[in-house]
Amino acid sequence: MQEVIVQTALRLFLQQGLRTTTMDQIADSLGISKKTLYEHFPSKEALIEGAANAFLNQLEARMQELRQAHQGNTLLTMTAIANHAYHTLSSVNPILFNELRRLLAPLRSTVLNRIRATISTHLTQSLQEGIQQGIFRSDLPVDMLPTWVGYAIMHIVLNPSFAEEVKRSIPDIYAETFLLLLHGFCTEKGHKLLETYKNHIRETYAR
């Protein structure tokens, strides 16, 4: 029952935002009483934390699936992951990006740190593989780049104020940032491959 509650809450949070979604709505969607809901989650904050963990678990699992599906082709792997992130961001109510910055400090810190750690793990592996395959420059600062990219995504790409200033959607900013980074990473061989894959980011992806 707890997993069903979390998935229902996650769907509503992504569609409507955190503030608009009430415990009454979640209980009604599940066909249970609010009392039963509170027996599983003592507060809305606890449910938000559970939903955030479920979202990140699903994201990490999908990234791993795509990495395995395209093993040996680093640029295609990265493009497929970027495609998934682009469509995920496109499906989120934009108000959620503002609300995430207003979460209680411990939960906000936990969520942001986990996102940065996921980015760092996958990007470090991709950079190392890309260098071995000759598609990424061998002089890339692999020890620093994943952390830098993580901070850029969290503080610029997913920043609603930046999106408003440049008059672009967050998914589009993400896609353009991803391509700019890859252009900087690639060797001549990598650039030729990138021309093949770059339009895949915004397309409907089928593995």
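Please treat every number below as a calculation from the coordinates, not as lab data. None of the values given here were measured: they were computed from a predicted structure. Heads up, the Cβs are rebuilt from the backbone with ideal geometry, glycines too, and the neighbour counts pull from every protein chain shown.
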Summing +1 per Lys or Arg and -1 per Asp or Glu among the other residues with Cβ less than 14 Å from G17's Cβ gives +4
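Where the only charges are on Cβ atoms (+1 Lys, Arg; -1 Asp, Glu), what is the dipole of the chain about its Cα centre, to the nearest 20 debye?
The calculated dipole for the chain is roughly 120 debye.
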Projecting the Cα atoms of A61, Q25, L14 onto the charge dipole of the chain, where Lys and Arg contribute +1 and Asp and Glu -1 at Cβ, the residue farthest towards the positive end is Q25
Between the residues L194, N73, V92, the Cα farthest towards the positive end of the dipole of the range 55-202, that dipole coming from +1 and -1 charges on the beta-carbon of Lys, Arg, Asp and Glu, is from V92
The size of the Cβ-based charge dipole (Lys, Arg +1; Asp, Glu -1) of the range 1-70 about the Cα centre, to the nearest 20 debye, is 140 debye
Straight-line reach check, K189, cutoff 26 Å on alpha carbons, 8 or more apart in-chain or any other chain, hits among lysines -> K198
Hydrophobic long helices for the chain, i.e. whole DSSP H runs reaching 24 angstrom or more by Cα along the axis with Kyte-Doolittle mean at least 0.0, come out as 74-91
As straight-line cross-link partners of K44, the qualifying aspartates and glutamates (C-alpha separation under 13 Å, not fewer than 8 residues apart within one chain) are D24
Amide H contacts under 5 Å for F136, restricted to residues at least 5 apart in sequence or on another chain and with H modeled in the peptide plane, are I131, T187
If each part is reduced to its alpha-carbon centroid, the range 95-147 and the range 168-207 end up apart, in Å, by 17 Å
